[in-house]
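A short worksheet on the structure shown next.
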Amino acid sequence: MPRASIIIATHSRPHLVTRAVESARASGRDVEIVVVDDASSDETASVCKNLSGINYVRVDRNQRVAGARNVGLVASCGEYLSFLDDDDTRLPGSLDTQIEALEREPQAGLIYGQAIFCDQEGRPSNKSYPSDCPQGDVFWKLLARNFIPCGSAVFRRSCLSRVGLLDDSIPGLDDWDLWVRIAEICPIMAAETPVITWRRSTPVSGQGTSKAASLVSMSVQKFRGCWMNLPRAAGAARKTKRVAWQEFSENMAEHLIWESARALRCGEFRQPLKNLSVLPWLDPLTTIRIAEHRVLRFPRAGLPVSLAAFSIQF
């Protein structure tokens, strides 16, 4: 049985998947690499079949990322599990380091690390996310903001038996939802060092994280209809719930305003209108305060440094 499994979901990006696989191979010892070909229509299958030492699984109907990750979870065997997007990479030795730390804390369910931002060509920058790495009991912090880069997380297979697989009805939010469910029942650890490189989305890249309006809409529905009904949240004091909703709304409003500004810089004018149309779904007083503070700063000094990193990571 492998010690760990890294699940790489890919769809019609053969020029990227090889690099992801090689980085996963170099990230640790005794690693099973599961590549899920999510109904690619190009040469992805032939490229993957030429990669040695991987568990290649192809699905004939497109499952989207969350569904493909679930296929990989079911097909994998490792005690420790991690995801890796096909356009990201694992840093050498990073998986072993995280697993060794997790083994020293048997009560912890997950450990995450930082991600180095890369441009669309995969060139790394000098910025990483998150700058601050909360750990321990982070349930309420995770309800407000997803500070765990997906590919940086390593979690125990035993967690899945308690919280279940990914929710494939919320593409782009599936990892955040899983982290919330794990954080409700287990402490979370952080390796305060970069463990992956992360290709950052742009308003025109077509990546899921560039679709701010739809992602925020789904996030609001998930927050109010699911996360607030988890036993720990449902049993909390009314004030605690209200603060959680306000902090969540603050993060979402910042994200929508930041993505709208990025879109305008790229000459995209429809996307900001879609983004701003979602603001009324959030806490109104929080949204007004954030909008006034951020928008007034744009003409004078550009976006604040705190927003130069992802205000939210899906």
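The values are calculated or read from the model by the stated rules, or taken from the named source; none is laboratory data. Note that the structure is predicted; figures quoted are calculated from it, not measured. Ideal geometry is used to build each Cβ from the backbone, glycine not excepted, and the neighbour counts take in all protein chains shown. Calculation scope for accessible area: heavy atoms of the full protein, side chains included, ligands and nucleic acids excluded. Shrake-Rupley method; radii C 1.70, N 1.55, O 1.52, S 1.80 Å.
When only the Cβ of Lys, Arg, Asp and Glu is charged (+1, +1, -1, -1), the dipole of the chain relative to its Cα centre reaches about 920 debye. For residue 144, neighbours were defined as the other residues whose beta-carbon sits under 9 Å from its Cβ, and their charges (Lys and Arg +1, Asp and Glu -1) total 0. What a 1.4 Å probe finds exposed on the chain is 53% carbon and sulfur by accessible area, rounded to a whole percent.
The mean accessible area for residues of the chain, using a 1.4 Å probe and ignoring ligands and nucleic acids, is 43 Å² per residue. Exposure check, 1.4 Å probe, all protein chains in place: residue 167 carries approximately 40 Å² of accessible surface.
Pairs of Cα atoms under 8 Å, at least six residues apart: use those to get the relative contact order of the chain, whole percent.
On the way: 582 pairs, mean separation 54.6, N = 314.
Taking the mean separation of contacting Cα pairs over the length of the chain, I get 17 percent.
A value for semi-axes √(5λ) of the Cα gyration tensor in Å was derived from the coordinates, and within the list [x] 49, 22, 18; [y] 31, 24, 18; [z] 28, 24, 20 it appears as [y].
Relative to the longest principal Cα axis of the chain, at what angle does helix 174-185 sit, 0 to 90 degrees, rounded to 10? Compared with the principal axis, the helix lies near 90 degrees.
Assuming R0 = 51 Å, what is the FRET efficiency of residue 229 and residue 123, from their Cβ-Cβ distance, to the nearest 0.05?
0.75
For the chain, modelled as a GNM whose springs connect Cα atoms under 10 angstrom apart, the maximal fluctuation among 214, 94, 260 occurs at 214.
Using heavy atoms of the protein chains and a probe of 1.4 Å, the accessible area assigned to residue 250 is about 60 Å². The angle separating the long axis of helix 238-265 from the principal Cα axis of greatest extent in the chain is about 80 degrees.
Is segment 54-186 rounded, prolate or oblate when judged by the Cα gyration tensor, a ≥ b ≥ c being the square roots of its eigenvalues, rounded requiring a/c under 1.5 and prolate requiring a/b larger than b/c?
Values: a/c = 1.32, a/b = 1.05, b/c = 1.25.
Here segment 54-186 falls in the rounded category.
By how many degrees, between 0 and 90 and to the nearest 10, does the Cα long axis of helix 212-225 differ from the longest principal axis of the chain? For 212-225 against the chain, the angle is about 90 degrees. Which aspartates and glutamates does residue 127 reach when only Cα atoms under 12 Å apart count, and residues fewer than 8 places away in its own chain are ignored? Residue 127 reaches 119. For the listed residue pairs 141/239; 241/274; 141/222, the alpha carbons are over 18 angstrom apart in 241/274.
Let me check something: with ligands and nucleic acids excluded, how do 127, 49, 241, 222 order by accessible area (1.4 Å probe), largest to smallest? Don't jump to the answer; show the numbers that get you there.
Numbers: 127 105, 49 145, 241 65, 222 25 Å².
Descending accessible area places them as 49, 127, 241, 222.
The residue among 124, 185, 101 whose Cα reaches farthest toward the positive pole of the charge dipole of the chain, with charges on the beta-carbon of Lys, Arg, Asp and Glu, is 185.
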